[in-house]
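The values are calculated or read from the model by the stated rules, or taken from the named source; none is laboratory data. Here the structure is a predicted model, which is why all the values come from computation and not from measurement. Here the Cβ positions follow ideal geometry from the backbone for every residue, glycine too, while neighbour counts run over all protein chains shown. Remember, those area values only see protein heavy atoms, side chains included, never the ligands or the DNA or RNA. Shrake-Rupley method; radii C 1.70, N 1.55, O 1.52, S 1.80 Å.
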Amino acid sequence: MKRDGATFSLWQENTPDYVPQNRFEPENVYDILIVGAGITGITTALQLQKAGKKCIIAEAHNPGFGTTGGTTAHLNTLLDATYDQIESDFGKENAKLVAQATHAAIQLVADNVQTYNIDCGFSYKDAYLFSQEAKETKELEKIVEASQRAGIEVEYSDTIPIPDTFDKAARFPRNAQFHPIKYILALAAEFEKLGGVLRTNCLVQEFEKDDYFIVNTTLGQIRAHKIVYATHLPPGVNVYSFKCAPYRSYVMAFQLAEGHYPEALVYDMKDPYHYHRTQEVDGKPYLIVGGFDHKTGHEEHTQKSFRELEAYIRSIYKVHSIDYKWSSQYFEPIDGLPYIGEMTGGKDIYVATGFSGNGMTLGTVSAIVLSELLTKGESVYEKVFSASRIKPMASFTNFVKEQVDVVSQFFGKRFRAEKLEELADLAPGDAAVVTFEGEKMALYKDDIGNLHAVDPVCPHAKCFVGWNDAEKSWDCPCHGSRFDVDGNILTGPARHPLQKIDVELLFVEEAEK
């Protein structure tokens, strides 16, 4: 199974590519086109197909290629947006609805595992949140009180299941974990058994609409009455490009020297926080630890984040071997909650985005909300997660902070490239944005010395991309589009690749002058 980066996640091990079974009939007009085959898209498609809708999934690569293949697969009632924050910004009743939605999502995963007999290592676990200093302890107490008011089961604990120091800790029962790829591939198979169609290597592009949508893709046209974008950000430049900010997080899966693996989900209260859990895969236990998040495209040396993560891990655990390391992308919404529902300015187009670090839970919440909206016309959760909501008091400060940063990427980085007067002298595996004969190019030298060059301007909103040395990709710091060394799209919202530059031809032309 392929993923959107050069590193290899634990979930890719011994996971074959999914081969769709049902034939696509181009003359059909489907009820709903779901774009994206991660947990959001596949769960939504299955829910809709079960309800009698005729659905098709279009996936640009393979199922799980994006964040689902790089998640750490925590299923939480405790979210990145804590219940005291949700209460303050959305009110007590909406905080209760959010808590209710997280419970419903975990229950849906559990029901699917049981109904379809899915071997994906699903198990309920306690989650622990712990403080290490007085300021964090005050925050923890506020979180616990607000969580209880929202209907989340939580109590204080005298212990934590990892060998770290703590001041105060809280335990949240009935959270859960699983193998995300085994889970979604099983759901995809059930979706097809019900007559659904899944198309892989099918990149969705522009569309037009008359009586129904006619959607252009790299595999031809798809016709559908409604569209669901389950791609994190919907493609193209739209309001969600400015309501969500892209971040990357770093993960390692390792084996312990002494074999005492914590049987829980564990989180500290740092910013960014560290997260821990254990998963058995193919008969071997692995401790999964992550953190050291940063905005996409804002860290010039992403390998440094892995080094910092490893140092943190070794400061707590006695490590036998580090077997896997990878990073993944998520999007932070400006007001703390995801946007789920009919897209602003897009009739019959639906979106689910802004999951923070809780994509497995909130992707499943999205499937519940979207399937209810598309089959019943309403959902008890539709207002709190409304994709067109405006919460000025909750989001204005974050909006200004994130968009000032985006503006700096539009203008600031253009001048940095101008300072380079000649082509960079690159070692194998290195990359740089350089200027040659007045033309900018993003240049990468592979391990055998071949040069790969692309135009560094992201086609989405014309920001300059930056190099991600851990994942060997060009990442856009504005809205999170990512591209491989030849400019092919790894992650949207860009609809088109970076323009490829024929370096050999360029050098020949220069030599002939």
* **Qualifying positions in the stretch 448-469 - modelled with pLDDT of 85 or more, over 18 Å from residue 4 (Cβ atoms) and charged (D, E, K, R)** => 455
* Asked: Residues in the stretch 222-242 that are farther than 17 Å from residue 329 by Cα and either assigned to a helix (DSSP H, G or I) or open to solvent by 20 Å² or more (accessible area, probe 1.4 Å) (or both): how many?
  -> 6
* Enumerate the pairs (first residue in the stretch 4-19 and modelled with pLDDT under 95 and among the charged types (D, E, K, R); second residue anywhere and in a helix (DSSP H, G or I) and open to solvent by less than 60 Å² (accessible area, probe 1.4 Å)) with beta-carbon separation below 7 Å, excluding pairs fewer than 6 apart on the same chain, so at least 6 apart or on different chains. => none
* Structure fact -> Checking 106, 57, 42 in turn, the sole residue that is under 17 Å from residue 352 (Cα atoms), among the aliphatic types (A, V, I, L, M) and either part of a helix (DSSP H, G or I) or modelled with pLDDT under 95 (or both) turns out to be 42
* **Listing of strands (runs of 3 or more DSSP E) fully contained in the stretch 254-352 that carry 3 or more residues being of a type outside the set (S, T, N, Q) and farther than 27 Å from residue 369 by Cβ** => 275-281, 284-295, 319-333
* To do: Considering (1) under 23 Å from residue 332 (Cβ atoms); (2) at pLDDT below 85, say which one residue 364 fails and leave the rest.
  => (2)
* Asked: Only one of these conditions is not met by residue 285: (1) buried (at least 16 other Cβ atoms within 10 Å of the Cβ); (2) more than 23 Å from the chain's Cα centre (by Cα). Which number is it?
  -> (1)
* Of the conditions (1) touching a Gly at 6+ places or on another chain (Cβ under 7 Å); (2) among the charged types (D, E, K, R); (3) buried (at least 22 other Cβ atoms within 10 Å of the Cβ), residue 335 clears all except one; give me its number. => (1)
* Select from the stretch 310-330 the residues that are closer than 20 Å to residue 11 by Cβ and hydrophobic (A, V, I, L, M, F, W, C) and write down the one among them that is most open to solvent (accessible area, probe 1.4 Å). => 322
* Structure fact -> Flagged pairs (Cβ under 7 angstrom, 6 or more apart or on separate chains; first in the stretch 200-211, open to solvent by 100 Å² or more (accessible area, probe 1.4 Å); second of a type outside the set (Asp, Glu) and part of a strand (DSSP E or B)) are 208/214
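Those residues that are of a type in the set (A, V, I, L, M, F, W, C), under 21 Å from residue 470 (Cβ atoms), open to solvent by 10 Å² or more (accessible area, probe 1.4 Å) and touching a helix residue (DSSP H, G or I) at 6+ places or on another chain (Cβ under 9 Å), I need them from the stretch 1-56; list them, please. Walk me through it before giving the result.
First, the residues of the stretch 1-56 that are of a type in the set (A, V, I, L, M, F, W, C): 1, 6, 8, 10-11, 19, 24, 29, 32-35, 37, 39, 42, 45-46, 48, 51, 55-56.
Then keep just the ones that are under 21 Å from residue 470 (Cβ atoms); that gives 1, 6, 8, 10-11.
From what is left, the residues that are open to solvent by 10 Å² or more (accessible area, probe 1.4 Å) are 1, 6, 8.
1, the sole residue that qualifies.
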* Can you name every residue in the stretch 161-184 that is closer than 28 Å to residue 282 by Cβ and either among the hydroxyl-bearing types (Ser, Thr, Tyr) or open to solvent by less than 30 Å² (accessible area, probe 1.4 Å) (or both)? -> 162, 175, 176, 177, 178, 179, 180, 181, 183, 184
